[in-house]
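Peer 1: Here it is: the structure, laid out below.
The values are calculated or read from the model by the stated rules, or taken from the named source; none is laboratory data. Since we're looking at a predicted model, the values are computed, not measured. Glycine gets a Cβ as well: all are built from the backbone with ideal geometry, and neighbour counts include every protein chain shown. Accessible surface is based on the protein model in full, side chains and every heavy atom, while ligands, DNA and RNA are left aside. Shrake-Rupley method; radii C 1.70, N 1.55, O 1.52, S 1.80 Å.
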Amino acid sequence: LKFIFGPCAVPALDLVDQRSVTRVRSPSGRTLYQVLGSSGKLYTCYSSCHFCTCPAFGFSVLQKSESLLCKHILAVYLSQAMGACQELTVSEEQLTSILLAEEEDG
C-alpha cells in the first residue's frame, strides 16, 4: 500500500484501526463519510466524487497535484474494503445540517 499510495498509507491504516471512519446515511440513500482525524477534527469525505474537506486534500491534491488523495479518503476506501466503517443513520434534516456546517467552515 505504501508503494502505491505513498506517505498517507500508514496514517490511513491507523485511522481504520482506530475505527475513525463513519458512514453517514439518510433515509433517501444519500451517503457521506466522516473521518475523525488524528488532530481530533472531524472531516467529511465524499467517496462518490473523491473529495475531502481537510486542508491537506485542498493543498496537496487540488492545488499542487502532488497526490491523488489524502489519508482520510484512503481510510474511507480501506474501511469500505475491510468492512470496518461505523454506521450512522440520520434524518434528511440532519444530513443537510452536516453539509451546511461544512460549507460554513470552508
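Peer 1: May I ask you to verify whether Leu88 is in a strand (DSSP E or B) and of a type in the set (A, V, I, L, M, F, W, C)?
Peer 2: It is true that Leu88 is in a strand (DSSP E or B) and of a type in the set (A, V, I, L, M, F, W, C).
Peer 1: Out of all the residues in region 98-105, is one or more at pLDDT 90 or above, in a helix (DSSP H, G or I), surrounded by 13 or more Cβ atoms within 10 Å (Cβ to Cβ) and among the charged types (D, E, K, R)?
Peer 2: Taking every residue of region 98-105 in turn, none turns out to be at pLDDT 90 or above, in a helix (DSSP H, G or I), surrounded by 13 or more Cβ atoms within 10 Å (Cβ to Cβ) and among the charged types (D, E, K, R).
Peer 1: Just to be sure before I move on: is Val76 among the aliphatic types (A, V, I, L, M) and farther than 25 Å from Leu1 by Cα in the structure I sent?
Peer 2: Criteria not met by Val76.
Peer 1: Mind checking which residues of region 10-31 are open to solvent by less than 40 Å² (accessible area, probe 1.4 Å) and in contact (Cβ under 8 Å) with a residue 60 or more places away in the chain?
Peer 2: Answer for region 10-31, where residues must be open to solvent by less than 40 Å² (accessible area, probe 1.4 Å) and in contact (Cβ under 8 Å) with a residue 60 or more places away in the chain: Ala12, Leu15, Val16, Val21, Thr22, Val24, Ser26.
Peer 1: When Ser91 is evaluated against the numbered criteria (1) modelled with pLDDT of 95 or more; (2) of a type in the set (Gly, Ala, Ser); (3) open to solvent by less than 20 Å² (accessible area, probe 1.4 Å), which criterion, by number, is the only one it fails?
Peer 2: (3)
Peer 1: What pairs come out if I take residues in region 56-70 that are touching a residue at least 60 places away in the same chain (Cβ under 8 Å) and closer than 14 Å to Phe5 by Cα and pair them with residues that are assigned to a loop (DSSP other than H, G, I, E, B) and open to solvent by less than 50 Å² (accessible area, probe 1.4 Å) whose C-beta lies under 8 Å away, six or more apart or interchain?
Peer 2: Cys70/Cys54
Peer 1: I'd like the full set of residues that are open to solvent by 10 Å² or more (accessible area, probe 1.4 Å) and of a type in the set (S, T, N, Q), limited to region 32-81.
Peer 2: Gln34, Ser38, Ser39, Ser47, Ser48, Thr53, Ser60, Gln63, Ser65, Ser67, Gln80, listed by residue number.
Peer 1: The conditions are (1) touching a strand residue (DSSP E or B) at 6+ places or on another chain (Cβ under 6 Å); (2) in a helix (DSSP H, G or I), and Leu62 fails exactly one of them. Which is it?
Peer 2: Among (1) touching a strand residue (DSSP E or B) at 6+ places or on another chain (Cβ under 6 Å); (2) in a helix (DSSP H, G or I), Leu62 violates only (1).
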